[in-house]
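The values are calculated or read from the model by the stated rules, or taken from the named source; none is laboratory data. Here the structure is a predicted model, which means the values were calculated and not measured. Reconstructed Cβ throughout: ideal geometry from the backbone, glycine too, with neighbour counts over all protein chains shown. Quick note on the areas: whole protein, heavy atoms, side chains included, nothing else; ligands and nucleic acids left out. Shrake-Rupley method; radii C 1.70, N 1.55, O 1.52, S 1.80 Å.
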Amino acid sequence: MKKMYKRSSILAGVMFVSCLSFGKAGMNYINQKQERAAESATIPPEINKIFQNSCFDCHTPGGKKMAMNHVNFSEWDKYSADKKAKKSADIVRMLNKGSMPPKLYRQSHPDKIPNAEQVTLISEWAETLKVK
């Protein structure tokens, strides 16, 4: 019994240390991906800064899968003009509705909520993307 307990304890310790190591490496990987997404974006810098603060946690690699399916800022440059127009209109609609960032995220990250001026900037930018 003592042998089994000792092995379990060792295994638990190894797993814990592995998780810590992967966690740091994983966070570095996510941060690098987010930085690359920010650098390669064709989104104006002032808009991109808002997105970095308010959206990148969920909408870039390492983010939420469902969020990535809606808008993936690391793929923005690959979107067609029509798709960019639709996605940006959706972003504005969700911001104006108060659906983005989501309620739970807003509660735990109040500093990530775009203010009215930022939402206006995003709306004006989205207007420029409309396909004519």
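Compute the whole-percent fraction of alpha carbon pairs in the stretch 79-130 spaced more than 11 Å apart.
The answer is 68 percent, as a whole percent.
Rolling a 1.4 angstrom probe over the protein heavy atoms, how many square angstrom per residue are accessible across the stretch 46-132?
62 Å²
What's the magnitude of the charge dipole for the stretch 35-132 around its Cα centre, counting Lys and Arg as +1 and Asp and Glu as -1 at the beta-carbon? Answer in Debye, nearest 20.
For the stretch 35-132, the charge dipole is close to 460 debye.
Could you check the simple spin-label distance between GLU117 and MET66, using points 7 Å along Cα→Cβ, in nm with one decimal?
Going by the 7 Å Cα→Cβ label model, 3.3 nm.
Please list the non-local residues whose amide H lies under 5 Å from the amide H of LYS130, H modeled 1.01 Å from N, same-chain partners needing a gap of 5 or more.
none
Of the accessible area of the stretch 45-96, with the probe set at 1.4 angstrom, what percent is carbon plus sulfur?
54 percent
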